[in-house]
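Structure first, commentary second.
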Amino acid sequence: MTDTPSPTASVASASVPAARGIAVRRWLRALLPALSLVLVVTAIGVLNPRAISYFGFSLMLGLAIPIALATIAQLFVITVNDLDLSIGTFVGFVGCVTATLLRDNPLVGIAVLVAAIGVYAGLGALIHLRNLPSIVVTLGMSFVWQGLAILMLPTPGGKAPDWLLTLMGLKPPFVPFPIIAAIVIAVVVHFGLMRTSYGTILRGAGGNAAAIERAGWSLLRTKVTMFTLAGVFGVLSGMALIGTTTSGDANIGNGYTLLSIAGVILGGGEFVGGRVSPIGAVLGALTLTLAATQLLGFMHIPPDWQVGANGIILIIVLAARALLSRRGDAV
Amino acid sequence: MPEIGNTIVKLDGVERHFGAVRALDGVTIAVKAGECVGLVGHNGAGKSTLMHVLAGTGTPDQGTITVGGEPQTAYSVSRAQTLGIRCVFQELSLCPNLTVAENTRIYHPSIRGIGWRRRASDLISAKLDEVFPGHGISASDIVQDLAIGKRQMVEVARAFTVTDAPLRLVILDEPTSSLDAHTSSQLLSFVRRTVASGISCVFISHLLGEILGNSDRIIVMRDGKVVTAGAASTFNRNRLVTEMGGIEAEPAAVAAAAMADRESRKLRVRARPVRQSDGRELIAREGEIVGLAGLAAHGQTDLLLAVFRAATQRAANIEVSGPVALVAGDRQTDGIFAQWSISENIGIRSLARLRKGLLISPAREDEMAARWRDKIGIRTPDMHNNILSLSGGNQQKALFARALGSDAGIVLMDDPMRGVDVGTKLEVYELIRDEARGGRTFLWYTTETDELKNCDHVYVFHNGRIVADLRRDELTEEKVIQSSFAESA
């Protein structure tokens, strides 16, 4: 209804050096997750040279796989400008199902996990159709998952199915299993989200939803797709977690919500605008795993202080990233 | 002159309402094959709404759409696309986080499968080369890194790319608004070539020269209606301005307040827009109603906000003497407190006077609310009701009461009459003139040319600058429109 010819009448020509500057900064920003990982690994290597070995990485990165999977789940949700505050307790719930039902009664276990993914798809539809803030919906769901997890496994226990233990305990030659798994996750998701033609639509829905709708695409479908994928990767994360720790605990995944958000952001993603990087997110998850658990141990920080130190490391790392990206945006 | 063929699209009696506003009030138009139709009209004449109906993004409340002789029952975006109707919207509809090629893919569902990226790149690059030779845009550029002009180039070129669906009609809504003179002329000559090849165009622009020089036929809209249509050769600039303006003079409802003594009155506001390069400045004196005119969003609101800020903090180029109150135009976002009652909404600007000790005195608040209910005629059984219980016009009256009931000697009005019915408007005009006689100063931005008749002095804005400075006796609609369309760039 408003006719607004832009007041900036003649700005069609951007100068070439500015464009080159943008390219360099974009490149630097893309390298940032890898650089922070190298930094953390180097620090660990200096503190404890023996950790830099096949066995050391297998041990240190054991927990990185479930965190990377949860981070990817969060990335799908963030791509469409939402946030999932329930992913941590969801991973915990899946863990409890895996350690009990999936071992004792595989068919029922699979049915429960598929239904849980269905719930995620439904949440996506609900958030889109009723235009609800995802933070509120998923915050509510986080208590639902937590409650269900406690119902399934009131005290820590249960046992992972044997096939899962075998899978997570693989010892391939030369390269530790967690590193191979991380590469596979990163490549598969990068291809699906960044390279396929429908992945373009999914990211576009985060960038300019109105444009996607005007081009004739269904925003409901994009939202449901993304939340379903988040559910799938949440399930994979919970299973990988139990495969690594061998038994379940209703509170086992609680820290994952914040770790997954931090991993996406550290990996170069942004909360709004559909700007995400799956490879960066996996690197971010690895960095956080190492920085938040292993590095502190090598620095002889007492366990009582580790949780607090975790938080401080998170803030420092994210602040550094924010600084760099702000400089990158100020063109 | 290209050969004009069969009718491609016909709209018949199309109406579209937004609340009480009739954006389209029974519009009937037809576009033939190989024809370029220029569409002009003032702000809010309904051009953009009409385009949304054609593109399938807005559904008409009344009327029929016929495409290629077939009446359309379930008309939608994807239906429009299959029928070969494309639209370049005024607000950019590219995804900033995607590359140029990826944005092209979004437009074409058929670009998929292995090698889609290559095909999308080739498609858009070829079209960009064709429309804007020497454009300097790469298909792998991310859109947010492109300057706004280049984004518009991508968007225009994208609308002309063809994959599986045919291309029959392209609607260009202000396609040159961010382009410079060179790329504009590239685009316009491309449009002429395209039209010559049998594709139709609907071309909307505020630059009347572009319309006159490139259309076969011109349609003029005003107040949601088509006022005139005819071959472009029968129009000239003056006739267009006259037809757009709604010249039939209203009865002189304005009591002529003689402002012969202007110079002797006390200065209240002196302000120069940031982008003003010459010495022009806005001056408002005690008891004056000063109008800010021109096309929407050409710096009027910015100046009002700058004056508002200057009342409390020092600012360069702006002098303000006395307290200031602002009547917001977008009342839902900037005006009302949706959780509060009517009297609380009125009293918020005058809390100092309503205070008793540390607390707000309910008695004084009620007293103030009651006085203004009678004075401005807010229709409600109880001023303690929630503000949202009022109709839009009455909510706006409450906002006027908030400003006029305050101690402010200067009242800024940011197009406050949007979506307000005629009866309320006349009541408020009367009140404003009364208050001005009492010594208050009003700065009044309005997109409705008729409202300017209430002003003692009018400044016309264009691209953030004051381009004309008209006294009451010099003020005619033609002059205002003529200066707003000044093709200075």
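Read-outs: derived from the displayed coordinates by stated rules, not from any lab. A quick note: this is a predicted structure, and the numbers were derived from the prediction, not measured. Here the Cβ is made from the backbone with ideal geometry for all residues, glycine too, and neighbour counts use every protein chain on show.
Ignoring solvent entirely, what values of log10 I(q)/I(0) come out of the Debye formula for the protein assembly as shown at 0.04, 0.10 Å⁻¹ when each Cα is a single scatterer? Ignoring solvent entirely, the Cα scatterers give -0.23, -1.17. Of the candidates A:106, A:133, A:172, which one comes out as most mobile in a Gaussian network treatment of chain A with C-alpha springs shorter than 10 Å? In the Gaussian network model the winner is A:172.
Per-residue ellipticity at 222 nm, computed for chain B from helices alone with -39500 (n - 2.57) per DSSP H run of at least four residues, works out to -9500 deg cm²/dmol.
Across the alpha-carbon set of region A:36-317, the Rg to Rh ratio works out to 0.97, Rh being the Kirkwood radius.
Neighbour counts of other Cβ atoms within 10 Å put B:375, B:397, B:266 in the fewest-to-most order B:266, B:375, B:397.
Against chain B, whose longest principal axis is taken from its Cα atoms, helix B:362-376 shows a tilt of about 60°. When each of B:444, A:163, B:372 is scored by the number of other beta-carbon atoms lying within 10 Å, the sequence from fewest to most is A:163, B:372, B:444.
For chain B, a Kirkwood radius taken over Cα pairs fed into Stokes-Einstein (25 °C, viscosity 0.890 mPa s) yields D = 98 µm²/s. Comparing mean-square fluctuations of A:89, A:222, A:196 from a GNM of chain A with C-alpha springs under 10 Å, the top value falls on A:196.
Take the Cα of residue B:379, step 7 Å toward its Cβ, do the same at residue A:150, and the gap between the two points is 5.6 nm.
With one equal scatterer per alpha carbon and no solvent term, the Debye-computed log10 I(q)/I(0) for region A:238-331 at 0.19, 0.25 1/Å reads -1.00, -1.34.
For region B:362-418, the relative contact order works out to 29 percent when only alpha carbon pairs closer than 8 Å and six or more residues apart are counted.
Spin-label model, residue B:426/residue A:115: points 7 Å from Cα along the beta carbon direction are separated by 6.7 nm.
Length gain on complete extension for the stretch residue B:358 to residue B:189, per 0.36 nm per residue less the alpha carbon to alpha carbon distance? Mind dumping the intermediate values first?
Details: separation 169, 0.36 × 169 = 60.84 nm, distance 6.96 nm.
Fully extending the segment from residue B:358 to residue B:189 adds 53.9 nm.
Is it possible to state the helix-based mean residue ellipticity at 222 nm for chain A, with each DSSP H run of 4+ residues giving -39500 (n - 2.57), the sum divided by total residues, to the nearest 500 deg cm²/dmol? What is it?
Details: 15 runs with 229 residues, N = 331.
The helix-only estimate for chain A comes to -22500 deg cm²/dmol at 222 nm.
Translational diffusion of region B:46-91, estimated by Stokes-Einstein from the Kirkwood radius over alpha carbon pairs at 10 °C in a medium of 1.306 mPa s, is 146 µm² per second.
Taking the C-alpha atoms only, the angle from helix B:392-404 to the longest principal axis of chain B is near 50 degrees. Taking every lysine pair in chain B that is 8 or more places apart or spans two chains, those with Cα atoms closer than 22 Å amount to 14.
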